[in-house]
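Read the structure below first, then the notes.
The values are calculated or read from the model by the stated rules, or taken from the named source; none is laboratory data. Note that the structure is a prediction, hence the values are computed from the model and not measured. For neighbour counting, all protein chains shown are included, and Cβ atoms are generated from backbone atoms with ideal geometry for every residue, glycine included. With ligands, DNA and RNA removed, areas are computed over all heavy atoms of the protein, side chains included. Shrake-Rupley method; radii C 1.70, N 1.55, O 1.52, S 1.80 Å.
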Amino acid sequence: MPDRSSRRILLVLFFGVLMAALDLAIVGPVLRPIRESFGVSARTGAWVLNVFVLFNLVGVPVMSRLADRLGRRRVYTSAVLTFGVGALVVAVAPTFESLLVGRAIQGVAASGIFPAASAVVGDSFAVEKRGRALGVLGAVYGIAFLVGPGLAGAFLAMGSWTWLYLLIVPFSAVVAVAAWRVLPRAPRASEEGVDIAGLAMLGVGLAALAIGINRIDAQSVVSSLASLSVAPFLIGAATMIGGFVAVERRVEYPMLRLGLFRHRSVKIAAVLAIGAGLAEASFIFFPEFAASSFDVPSSTASFMLLPLVGAVAVGSPVAGRLLDRIGVRRIVTVSSVLFTAGLATISALPGGRVAFYSGSVLLGFGLAGLLGSSLSYILLNAARETERTVAQGVITLFLGIGQLVGGAMIGAVAVTAGGTGEVAGPEGYAAAFGVVAVVGVICVGLGLLLPSKTSAVWAGRAGS
């Protein structure tokens, strides 16, 4: 394929992925203004994140299979357009419930953008150029989280949060038209079906888990766990997730190949991904915490995220370069120590700006080491060659579970541990970040259990 054509394809894919990534990057800054617009609590407002993550998780296997069966161009274009429709629903929503419908639409649409874009790269680029192209798409998320908080802060200072979502609508239309004209038509690559039963059980189970956790009272945990507002949802979640595991063992086209978990390193990576997802969810709530702790407007709170995202941007390439040199165990362990120390610092000193900024930078470097390439590195070395693509789905799934649980938990703890009525205060958010810091300690211990050697040792285990 001529270089000019390849550049056009990559440019279209870049802007589609950037649109979805920017949406995630602005959720934290706009969360407080959205809550204030609809008069909902921090506990309820957490569903702005939770609904997106839930529908994104459930949508990934469906959209990936559709991209193989219907064609990458068709699915990518449809996903980009649908994302714009969801943004429009969010922007004009008359009620909080209708806003959540828009977030659900965006979550499903986003689940098709990156998988389809990655598949287009495989179809359109020579083998020796695919890595570079995928690297460009992967770097979009770093760019988005660098630009997003500042962009959100500027729009919040000048006007309403709704403009951020309204701007997505024409942007998505332009990208969709360009995608339809530029992306190649690819033949069907697979006729594999979708595991509908597993998909339904996983979706219902995760939704029930998030609802149950979101209703826990941090000041009386034991009694709230036994209450009718919590216990049925947690029992239902355990039942559905147990059913999901049973279905995956016997279905022809499983969403999750359980054989991967015969390797200790995969089990550790899955739990580490949950911990990293919890830390990511904490980051989403930082602007609310900053606004309530330092009595600043939401626009200013958005700019207060820049040291954190700067640390992620600087730390990610450094961690990637050090993986082969010093080993994944050291990277994961040190990264877990950093994100634990960062959240513990902010939790212990919720009213101090120095503690907030220093804790943010520590958290940023910690997330860079975990979310960059470390978890994917573990899976690539632990899985057989034929399982490597599916293995990366393990990281996506468990990161999403961590984000979902983290969003529900932080919303609940922020209100019940330090809020007044249903209003979250700095002490409540500090308590929630403290809970995630405890999970970070567990991640430190798990990091120490990883093999000290790299691919040669793990490849032997994977082949056993």
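Pairs linking a residue in region 62-86 that is among the aromatic types (Phe, Trp, Tyr) to a residue that is at pLDDT 80 or above and open to solvent by 30 Å² or more (accessible area, probe 1.4 Å), with Cβ atoms under 8 Å and 6 or more positions apart or on different chains, are Phe83/Ile105. Does any residue of region 101-115 turn out to be more than 27 Å from Ala200 (Cα to Cα) and either more than 22 Å from the chain's Cα centre (by Cα) or modelled with pLDDT of 80 or more (or both)? For region 101-115, residues more than 27 Å from Ala200 (Cα to Cα) and either more than 22 Å from the chain's Cα centre (by Cα) or modelled with pLDDT of 80 or more (or both): absent. For region 308-320, check the following and say yes or no: at least one residue is modelled with pLDDT of 85 or more, open to solvent by 10 Å² or more (accessible area, probe 1.4 Å) and closer than 21 Å to Ala430 by Cβ. No: zero hits.
Residues are listed down the side, and each one gets a yes or a no for (1) open to solvent by 60 Å² or more (accessible area, probe 1.4 Å); (2) within 23 Å of the chain's Cα centre (by Cα):
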{"position": "Ala144", "(1), (2)": "no, yes"}
{"position": "Tyr165", "(1), (2)": "no, yes"}
{"position": "Val169", "(1), (2)": "no, yes"}
{"position": "Val174", "(1), (2)": "yes, no"}
{"position": "Ser224", "(1), (2)": "no, no"}
{"position": "Leu234", "(1), (2)": "no, yes"}
{"position": "Thr239", "(1), (2)": "yes, no"}
{"position": "Val247", "(1), (2)": "no, no"}
{"position": "Val251", "(1), (2)": "no, no"}
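Please determine, by comparing only the residues of region 268-307 that are hydroxyl-bearing (Ser, Thr, Tyr) and over 19 Å from Thr340 (Cα atoms), which one is surrounded by the most Cβ atoms within 10 Å (Cβ to Cβ). Break it down stepwise before answering.
Our first condition is that a residue be hydroxyl-bearing (Ser, Thr, Tyr); within region 268-307, this holds for 282, 292-293, 298-300, 302.
Next cut, over 19 Å from Thr340 (Cα atoms) only: 292-293, 298-300, 302.
Values: Ser292: 23, Ser293: 24, Ser298: 23, Ser299: 18, Thr300: 16, Ser302: 29.
Out of the qualifying residues, it is Ser302.
Residue selection: Ala104 satisfies the criterion of being open to solvent by less than 30 Å² (accessible area, probe 1.4 Å), out of contact with any Ser or Thr (no Cβ under 7 Å at 6 or more places or on another chain), part of a helix (DSSP H, G or I) and touching a residue at least 40 places away in the same chain (Cβ under 8 Å).
Say we look at region 345-355 and pick out the residues that are touching a Leu at 6+ places or on another chain (Cβ under 9 Å) and closer than 19 Å to Glu280 by Cβ; which of these is surrounded by the fewest Cβ atoms within 10 Å (Cβ to Cβ)? Ranking the qualifying residues of region 345-355, first place goes to Thr345. Inclusion of Val312 among residues that are touching a Cys at 6+ places or on another chain (Cβ under 9 Å), part of a helix (DSSP H, G or I) and not hydroxyl-bearing (Ser, Thr, Tyr) is not warranted.
Residue-wise test of (1) open to solvent by less than 40 Å² (accessible area, probe 1.4 Å); (2) at pLDDT 65 or above; (3) at negative phi.
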site: Tyr357; (1), (2), (3): no, yes, yes
site: Ala383; (1), (2), (3): yes, no, yes
site: Ala391; (1), (2), (3): yes, no, yes
site: Leu397; (1), (2), (3): yes, yes, yes
site: Glu427; (1), (2), (3): no, yes, yes
site: Ala432; (1), (2), (3): yes, yes, yes
site: Leu449; (1), (2), (3): no, yes, yes
site: Val457; (1), (2), (3): no, no, yes
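When residues of region 25-48 are filtered for being open to solvent by less than 10 Å² (accessible area, probe 1.4 Å), part of a helix (DSSP H, G or I) and among the hydrophobic types (A, V, I, L, M, F, W, C), how many remain?
Of the residues in region 25-48, 8 are open to solvent by less than 10 Å² (accessible area, probe 1.4 Å), part of a helix (DSSP H, G or I) and among the hydrophobic types (A, V, I, L, M, F, W, C).
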